[in-house]
Amino acid sequence: MYRVFAMCLEAGIAAVILIPMFWVLNRYFFRNSHRAACYLVMSLYLAAVDAVVGLPSLLYIRFDRNINLVPFAYMFSDYRNSLLNVLLFVPLGFFLPVLWKRFRSFLRTTLFGLGFSLTIELLQLLTFRATDINDLMTNTVGTILGWCLGRLVLKLFPSIRPSWKTKELAVIFSVTFGVMFLAQPFLAEVVWKLVRN
């Protein structure tokens with residue numbers, strides 16, 4: 001329960017910075033309020049992922065070589081963590097085909113999820129977290145399940161029109177992880193001190 005609270009608090013703190021940023025981005029770049037709102041939701045999801053997986057920030061970077069390259073090692077004995085890793089990436093697999101036509105492709109979405117997960121695992125070498133091949137596998141499975149859900153939603157609601165502009169995806173990732181690396185940790189430190197007192 002504490003992990004969920006911490007994730008929500010960290011994402012909420014990020015929202016204080018991201019909401020005005022997305023308002024500006026919509027005004028000068030996206031130019032579509034409905035789409036910008038969807039992008040903001042995806043950005044807040046990415047901020048929550050950042051909070052859960054413990055990516056490095058300006059306040060915390062430390063090289064820690066804690067690596068597991070043995071597939072399935074401890075995966076079934078720690079099945080709860082494996083299930084949470086799957087669930088963590090379902091929204092990514094869902095958002096991609098629903099928001100961008102390019103990701104209606106199963107292969108593109110799967111490779112994107114795999115690449116994103118690999119990036120996270122490599123960045124975790126700069127934190128206290130373990131870099132684990134099992135996380136890579138479970139995150140990719142979550143992306144695939146999300147893609148299946150997204151494709152189902154597109155079939156049920158044919159009025160949904162995904163965008164061709166995949167450069168918007170790069171903007172969402174850059175803005176979100178830039179905020180989570182540079183600005184959010186300073187605000188989070190103040191808020192956590194207030195919460196703990």
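The values are calculated or read from the model by the stated rules, or taken from the named source; none is laboratory data. Treat the numbers as computed from the prediction; the structure is a model and nothing was measured. Using ideal geometry, Cβ is built from the backbone for each residue, glycine included, and neighbour counts are taken over all protein chains shown. Remember, those area values only see protein heavy atoms, side chains included, never the ligands or the DNA or RNA. Shrake-Rupley method; radii C 1.70, N 1.55, O 1.52, S 1.80 Å.
Quick notes on this structure:
- Over the range 27-104, accessible surface divided per residue gives 58 Å², non-protein components excluded, 1.4 Å probe.
- Computed accessible area, F103, all protein chains, 1.4 angstrom probe, square angstrom: 10 Å²
- Pairwise centroid distance, computed over Cα atoms, of the range 140-160 with the range 10-89, Å: 20 Å
- Amide H contacts of N68 (H built 1.01 Å from N, in plane; Pro and chain starts excluded): T131, D132, I133 sit under 5 Å, all sequence-distant by 5 or more or on other chains.
- Taking the accessible area of the chain, probe 1.4 Å, and keeping the other protein chains in place, the carbon and sulfur fraction comes to 70%.
- As a length-normalised measure over Cα pairs under 8 Å and 6 or more apart, the relative contact order of the chain settles at 30 percent.
- Mean residue ellipticity at 222 nm, helices only, the chain: -24000 deg cm²/dmol; runs of at least 4 DSSP H residues each add -39,500 (n - 2.57), and the sum is divided by the number of residues.
- Surface accessible to a 1.4 Å probe, F72 within the full protein complex, Å²: 120 Å²
- Highest-fluctuation residue, T138, T110, T166 considered, GNM on the chain with Cα pairs under 10 Å: T166
- In this structure the range 106-148 gives 43 Å² per residue of accessible area when probed at 1.4 Å with all protein chains present.
- Against the criterion of solvent-accessible heavy-atom surface with a 1.4 angstrom probe, I17, I120, I67 sort, most first, into I67, I17, I120.
- Local net charge near I13, Cβ-Cβ under 14 Å (Lys/Arg +1, Asp/Glu -1): -2
- For the range 149-197, accessible area per residue (1.4 Å probe, heavy atoms of protein chains only), Å²: 65 Å²
- Largest to smallest accessible area among V191, V70 [probe 1.4 Å]: V70, V191
- Heavy-atom accessible area for E10, with the other protein chains in place and a 1.4 Å probe, reaches approximately 40 Å².
- Correct option for semi-axes √(5λ) of the Cα gyration tensor in Å [calculated from the coordinates] among (i) 31, 16, 16; (ii) 23, 20, 15; (iii) 27, 24, 14: (iii)
- Residue ranking by accessible heavy-atom surface, 1.4 Å probe, largest first, among S174, S82 comes out as S174, S82.
- The range 75-80 - phi-based ³J(HN,Hα) in whole Hz, Karplus 6.51/-1.76/1.60, Gly and Pro as x: 5, 7, 6, 10, 4, 5
- Summarising the amide proton neighbourhood of S163: residues at separation of 5 or more, or on other chains, whose placed amide H is nearer than 5 Å comprise W100, K101.
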